[in-house]
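Structure first, then comments.
The values are calculated or read from the model by the stated rules, or taken from the named source; none is laboratory data. Because the structure is predicted, anything quoted here is derived from the model rather than measured. Backbone-built Cβ (ideal geometry, glycine too); neighbour counts: all protein chains shown. Just so you know, the surface numbers come from the protein's heavy atoms only, side chains and all, with ligands and any DNA or RNA stripped out. Shrake-Rupley method; radii C 1.70, N 1.55, O 1.52, S 1.80 Å.
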Amino acid sequence: MASVLEDPSLERHLKGHKDAVTCTDFCPNHKQLASGSMDKTLMIWNLASKARAFRFVGHQDIITGVHFSPSGNLVATSSKDRTVRLWKPKGESKVIKAHTAAVRSVAFSHDGQRLATASDDKSVKVWSVPRHCFLYSLNQHTNWVCCARFSPDARLIASCGDDRTVRLWDTSSKHCINCFTDYGGSATSVDFNPSGTCIASSGSDSSLRIWDLRTNKLIQHYQVHRAAVNSFSFHPSSNFMITGSSDSTVKILDLLEGRLMYTLHGHKGPVFTVAFSRGGDLFASGGADAQVLMWRTNFDTKPYLSVLQQHSHRATVDPPPHVSDIHPRAPHLHHPLPTEIQVTIGHLNSSLPLSLCFHLSRHQTHSAPAHSANSHHRPNGHHVGSARLEGCMEHYGASGSGATASSQTGAGFRGSPEEQQQEDLSSYPPCLDTTLQHIVRQLDILTQTVSVLEERLTLTEDKLKECLQHQSQIIKEIGQPGPRRRTANEGHLSG
C-alpha cells in the first residue's frame, strides 16, 4: 500500500457554488482560496478548518478568471459581462469596463502594478492597477483570446486563443516577438514556468506543450488526456505540473522525467480549473459538478530520488489495484518492465466502481479505504506509453453499463455472432494501434529533443574551443616577456 506521505490526498471538499466552477487561485498568504463560477459569484474560502467562506456578488454574467495580487490585498476577476472587478477583502469592488466582448482571463504582474486581460474581442489589454486605467492593447490575434499571462520579470506576456496560436509579446515595444502555431485546435490556457525560461500551453486537442524560450523549440509534448485540457498549473519548483480536462480527470506530470505520475478521478464531469498554492503544498481543482476539491500535494515533500526509487519498486502488475494505491503502473526509466499489459474483462458488476475512481466526499476522506470493490472485478487492460513522456496509470470506472466499459477499454461485452466473428478475426490486442500512435508521436518528440541537445552541444564545443584558444594565447603572452626580462637583468649584472 502506498504511503500517505508521498501520494496526493484529498484535504477538503468545498461546496457552495450553485453552478460549474470555472477558475481558482490561492492567496499568497496561504490562508485563502478564491473560486469563480458560472453562478456569477466569487467565493473566498478560508483554509483554516471550520472557518466560514465569503460569497461576493457583483458580476452580471459568468466569472471566467480569478487572480490574487502578489500582496494578497486584492482579488481580480474577469467575466463574460465584459468587465473586470478588483475586490478588497471586505467585499468592496471597483469595476473596470475592460473590453467590448467577454473577458476570458485576468492576471496580475508579479510586482502587482499591472493587470493583463484577454477577451473575445481578439485583444489583450494591459492596465495600471494603482491608477485603474488602461495602458495599451495587443491586437494580432485573429480570433477569441482565451488567456494571457505575465512572465515573472513582467518583460513578456504570453497569450493564446481560438486562432490556434500562442503569441509572445514584448511589454516594452508592444510587439509580438514570437508565434507558436502547432495546435490542431484552440489553445485554451498559457503560462510561464516559475523561472520564466519556458512557456506551456494546453489545447482543445487534448495536448499540452512546453517550449524553451531560449531556443524557441518545443521541448515536451504530452497527450495524456482524452478530451480538451482546460487548465494547468506549474508547481513552484517547476518539477511538476497539474492538468484539468474535460475527460473529468486531474493529472499530475513529472516534468523532470517527462511522464505521467498520477491520475485523480474526483470530479463528476469536466474539470475546468486547477491551481497550485504559492508554496506548492496544496492544489485545487474545480469543475462542472460545482465543487472545489482541495488536495495536499505530499509527493514533493520527500527527496526526489527516494520517491523515484519507491515508484520503481512498486511498479508491478501482480497485486490488484487498491483505492489508495494511485502510483502509475508503468515502468520506471531506470528499471524497465514489460511494455504492455492486456487483461480481458470478464463478468463485471456494473454497479460497482473500479479502483482508483475517486468518488470522493468529505466523509470518505476520513474513512478507511473500501476493499469490497476489488473483490468484484479485475484490473482493466491498459498500455504503457514511451519512456520519454508517457507513464500511464489509468483504471477506469464502470459505474454505468457494460457498453461504457467497452468504449473505454476496447474489450467489453459482445453478444451478436457478427461481433464474435470480428473478435475472432482480431489476432492482435485492441490497444496496439493506439500504442503505435503514441510511440510514433513520442519518437517525433525525441527527435526534436535530440536536435535541440545537438545544437546546445555544438554551441558548448564552440565556446570551449574559443576558451582554449584564448587561454593558449594568454599563456604565450605571459611566457614571452619573461625571458626578455631575465636577459636584461643578466646583462645589467654582467655590466
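Residue by residue, here is whether (1) touching a His at 6+ places or on another chain (Cβ under 8 Å); (2) modelled with pLDDT of 95 or more; (3) open to solvent by 20 Å² or more (accessible area, probe 1.4 Å) holds:
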| residue | (1), (2), (3) |
| --- | --- |
| Tyr183 | no, no, no |
| Ser186 | no, no, yes |
| Ile199 | no, yes, no |
| Phe234 | no, yes, yes |
| Ser245 | yes, yes, no |
| Glu257 | no, no, yes |
| Leu260 | no, no, no |
| Val271 | no, yes, no |
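Under the condition of being modelled with pLDDT of 95 or more and among the β-branched types (Val, Ile, Thr), which residue from region 50-80 is nearest to Met38 (Cα to Cα)?
Ile62
Within region 178-200, identify whether any single residue is more than 19 Å from Cys23 (Cβ to Cβ) and more than 21 Å from the chain's Cα centre (by Cα), and answer yes or no. Don't jump to the end; show me each part of the working.
Initial filter on region 178-200 (more than 19 Å from Cys23 (Cβ to Cβ)): 178-185, 193-199.
Add one more test, that the residue is more than 21 Å from the chain's Cα centre (by Cα), and what stays is 178.
Yes - at least one qualifying residue is present in region 178-200.
Is it true that some residue in region 18-30 is in contact (Cβ under 8 Å) with a residue 24 or more places away in the chain, buried (at least 21 other Cβ atoms within 10 Å of the Cβ) and closer than 21 Å to Phe299 by Cα?
yes
Kindly state which strands (runs of 3 or more DSSP E) lie completely within region 29-91 and contain at least 2 residues that are within 22 Å of Trp295 (Cα to Cα). Spell out how you get there, then give the answer.
Working: elements: 32-37, 41-46, 54-57, 63-68, 75-79, 83-87.
Answer list for region 29-91: 32-37, 41-46, 54-57, 63-68.
Do we find that His67 is under 16 Å from Pro28 (Cβ atoms) and either touching an Asp or Glu at 6+ places or on another chain (Cβ under 6 Å) or not assigned by the TED database to the domain that holds Cys160 (or both) in this structure?
yes
Going through region 201-227 one residue at a time, which ones are crowded, with 18+ Cβ neighbours inside 10 Å and among the basic types (Lys, Arg)?
Hit for region 201-227 is Arg209, nothing else.
Anything in region 237-257 that is farther than 16 Å from Met294 by Cα, under 12 Å from the mean Cα position of the chain (by Cα) and touching a residue at least 60 places away in the same chain (Cβ under 8 Å)? List them, or say none.
The answer is Asn239, Phe240, Asp254.
I'd like to check something: does region 153-171 contain any residue that is exposed (fewer than 14 other Cβ atoms within 10 Å of the Cβ) and of a type in the set (Ser, Thr, Tyr)?
Looking for residues that are exposed (fewer than 14 other Cβ atoms within 10 Å of the Cβ) and of a type in the set (Ser, Thr, Tyr), one finds none in region 153-171, hence no.
Condition (residue is outside the structural domain of Leu260 (by the TED database) and touching a strand residue (DSSP E or B) at 6+ places or on another chain (Cβ under 6 Å)) applied to region 461-469: is it met by at least one residue?
The answer is no; no qualifying residue exists.
Within the bounds of region 242-265, is there any residue that is in the same structural domain as Asn178 (by the TED database), assigned to a strand (DSSP E or B) and touching a Cys at 6+ places or on another chain (Cβ under 7 Å)? Steps first, answer last, please.
First pass over region 242-265, keeping only residues in the same structural domain as Asn178 (by the TED database): 242-265.
Within this subset, residues satisfying the condition of being assigned to a strand (DSSP E or B) are 242-245, 250-254, 259-264.
From what's left, touching a Cys at 6+ places or on another chain (Cβ under 7 Å): 260.
There is at least one residue in region 242-265 that is in the same structural domain as Asn178 (by the TED database), assigned to a strand (DSSP E or B) and touching a Cys at 6+ places or on another chain (Cβ under 7 Å).
Of everything in region 94-124, what is within 25 Å of the chain's Cα centre (by Cα) and open to solvent by 40 Å² or more (accessible area, probe 1.4 Å)? Give them in sequence order.
Matches in region 94-124: Arg104, His110, Asp111, Arg114, Lys122.
Go through (1) modelled with pLDDT under 90; (2) open to solvent by 40 Å² or more (accessible area, probe 1.4 Å) for Gly91 and report which single condition fails.
Looking at each condition in turn, Gly91 falls short on (2).
Listed residues Ser186, Ser159, Ser195, Ser151; which is under 30 Å from Arg441 (Cβ atoms) and out of contact with any strand residue (DSSP E or B) (no Cβ under 9 Å at 6 or more places or on another chain)?
Working: Ser186 fails: out of contact with any strand residue (DSSP E or B) (no Cβ under 9 Å at 6 or more places or on another chain); Ser159 fails: out of contact with any strand residue (DSSP E or B) (no Cβ under 9 Å at 6 or more places or on another chain); Ser151 fails: out of contact with any strand residue (DSSP E or B) (no Cβ under 9 Å at 6 or more places or on another chain).
Just one listed residue meets the conditions, Ser195.
What number of residues within region 277-286 are open to solvent by 10 Å² or more (accessible area, probe 1.4 Å) and outside any loop (DSSP other than H, G, I, E, B)?
Taking region 277-286 and keeping what is open to solvent by 10 Å² or more (accessible area, probe 1.4 Å), we get 278-279, 281-282.
With outside any loop (DSSP other than H, G, I, E, B) added as a condition, the list becomes 282.
Looking only at that region, the number is 1.
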